[in-house]
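Undergrad: Quick one: the structure is below, questions incoming.
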Amino acid sequence: MFDNLQRELRRLAETKEISVPLESDAEGYVDKECPAKECLFQFKIHAEDWKNIVRDEEVFCPSCRHAAPAESWFTTAQLEAAKQYALGIFTNALNGAMRADAAASKQRRNPNAFLSITLDAKGGRDAVPVPVAAAEPMRLRTKCESCGCRYSYVGAAYFCPSCGKNSATHTFAQTLNTIRTAARLGATLRETLGPDEAEVMIRSLLEKAMQDTVMSFQRLAEQLYDQRGNTARRNAFQNLEAGSALWEAEIGAGYAHILDAAAINSLGIYFQQRHFLAHQQGIVDTDYVIRSTDTTYAVGQRLVIRETAVLEFADLVEKLGFELIARSKP
Ligand SMILES: [Zn+2]
Ligand SMILES: [Zn+2]
C-alpha cells in the first residue's frame, strides 16, 4: 500500500546533501557574514569574484580581518533560509511533488527587512537593526586595488575579503562620506519610524559614526606607516598622542605641526569620546573630564553625540588624514 512512500523515505534517508541556491542581489552581489562571534560583520561580495578570485582556503573579514575558509561565511539569514529550503524539499518529496521553486521563493527577501549594523561596545559588539532602505545610501562599494575583488559594506571596513590587504588609503575619503551620510539620517528615520525607535537608532548611528571615524583614521595611519617599512603597535593610532609621537619620529611632524591648536583640542575631545563609547558605554568618569578638557560633562553623565559633532570630527580627521597621505610618501 505505502510502497511509494516507503521508497521515497528510503531515498531521503540516504540523502546526505542538498544544494541550496543562493540568490545574488540586483547588482550581482551575495551576502556574507563574518563567522567570528564577537564580530558578525555583514558585507557583500560580487558573485563572480566570489567564484573566480576568492580562494576556498581563506577569506578575510573586511572589518576585523578574521580569516576562515570560504564555506564559513554564510549569513545567519542564509542558513535559516537554507534550513527552510531543505525542509521544503523533504516535505515536497514526501508529498510526491518536488516543487523546489516554491521552497526557493520562501527565501526571497522581505522588502521590510532590517540590516544589522554592528557596534563596538564593551564586552563585544551590539547589532543595531537599521531599515535596509535607510542604510542603503551608507553602503560603500569598492574594488580591491591588488586583486580586483568587488565588495561592499556599510560602516567602516578596510580589508579586502579576498587577499586581506588594508585598503584604507583607497577608501578613506569615501568612508568618511558614508559616515557623514549616516550622521545625517536623523530626519529620514524620524519620518519612517516611531519617535522612540527613531531616537534610539539615531543615537546608535551617531555613536557608531564616532567609532567609525576613529577606525577610518586608524586604518589609514597604519597603512601609511606600514608602507614606510614600519609596524605600528596594535591600536597605536587610536590614541591621538601616541599616534602623533609616531609620526613626529617618522616624518618630523606630529599632529600639532599639521593642525592648529583649536583643531587639536576638538580632536582630543572626540578621540576621548570614542574611547568612552567603546569602553565605558559612554559614561563620563574623572579621567575623561581631566584628559579631554571637555567641561560640558560632569562625572557619571552619559555622552550625548550630536550630528554637528560627528560632521566636525569627520572634517578634522579628513584634513589630518590627507596631510599624512601627502607628507608620508616614501
Ligand atoms: Zn569580522
Ligand atoms: Zn584584494
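Quick note: the coordinates plus some simple rules give every number you see, no bench work behind them. Please read these numbers as outputs of a predicted model, since none were measured by experiment. Cβ atoms come from the backbone with ideal geometry, glycine included; neighbour counts cover every protein chain shown.
Undergrad: What is the ratio of the Cα radius of gyration of the chain to 2.2 N^0.38 Å, where N is its residue count, to two decimals?
TA: 1.18
Undergrad: Right, another one. For the chain, what is the mean residue ellipticity at 222 nm derived from helices alone (per DSSP H run of n ≥ 4: -39500 (n - 2.57); sum divided by total residues; nearest 500 deg cm²/dmol)?
TA: That comes out to -16000 deg cm²/dmol.
Undergrad: Continuing with this model, one more query. Quick check: convex hull over the Cα atoms of region 193-237, volume per residue in Å³, rounded to an integer?
TA: Output value, Cα hull per residue: 54 Å³.
Undergrad: Also: Would region 201-327 count as rounded, prolate or oblate if I go by the C-alpha gyration tensor, calling it rounded below 1.5 in a/c and otherwise prolate when a/b exceeds b/c, oblate otherwise?
TA: prolate
Undergrad: In the chain, once you exclude exposed GluC sites (Glu not before Pro) (DSSP loop, at most 15 other Cβ within 10 angstrom), what's the longest stretch remaining?
TA: 146-330
Undergrad: Report the Cα centroid-to-centroid distance between region 173-189 and region 282-304 in angstrom, as an integer.
TA: That distance is 26 Å.
Undergrad: What does a probe at Arg306 reach in region 268-287, counting residues whose amide N is under 16 Å from the point 7 Å along Cα→Cβ?
TA: So the set is 269-270.
Undergrad: If I model a spin label at Arg55 and Glu8 as a point 7 Å from the Cα along the Cα→Cβ vector, what separation in nanometres do I get?
TA: 4.6 nm
Undergrad: Could you run the Karplus curve 6.51 cos²θ - 1.76 cosθ + 1.60 with θ = phi - 60° over region 259-274 and give me ³J(HN,Hα) per residue in whole Hz, x for Gly and Pro?
TA: These are the phi-based 3J(HN,Hα) values: 10, 7, 4, 5, 5, 4, 4, 4, 4, x, 5, 5, 5, 5, 4, 4 Hz.
Undergrad: Please compute the net charge surrounding Glu248, taking Lys and Arg as +1 and Asp and Glu as -1 over other residues with Cβ under 13 Å from its Cβ.
TA: Local charge sum for Glu248: -1.
Undergrad: Ok, one more. Report the local net charge at His170: Lys and Arg +1, Asp and Glu -1, summed over other residues whose C-beta lies under 12 Å from its C-beta.
TA: Once positives and negatives cancel, what remains is +2.
Undergrad: How much length is gained if the chain between Thr15 and Phe90 is pulled fully straight, taking 0.36 nm per residue apart and subtracting their Cα-Cα distance, in nm to one decimal?
TA: Value of the extension gain: 26.0 nm.
Undergrad: Around Thr296, with a cut-off of 13 angstrom between Cβ atoms, what is the net charge of the other residues, counting Lys and Arg +1 and Asp and Glu -1?
TA: Local charge sum for Thr296: +1.
Undergrad: Taking Rh as the Kirkwood radius computed over C-alpha pairs, what is the Stokes-Einstein D of region 151-193 at 4 °C in a medium of viscosity 1.567 mPa s, expressed in µm² per second?
TA: 109 µm²/s
Undergrad: Right, another one. Give me the extension gain from Glu199 to Leu79: residue separation times 0.36 nm, minus the current Cα-Cα distance, reported in nm with one decimal.
TA: Extending this stretch completely gives an extra 40.0 nm.
Undergrad: Now, a different point. Label Glu27 and Thr293 with points 7 Å out from Cα along Cα→Cβ: what is the distance between them in nm?
TA: 4.2 nm
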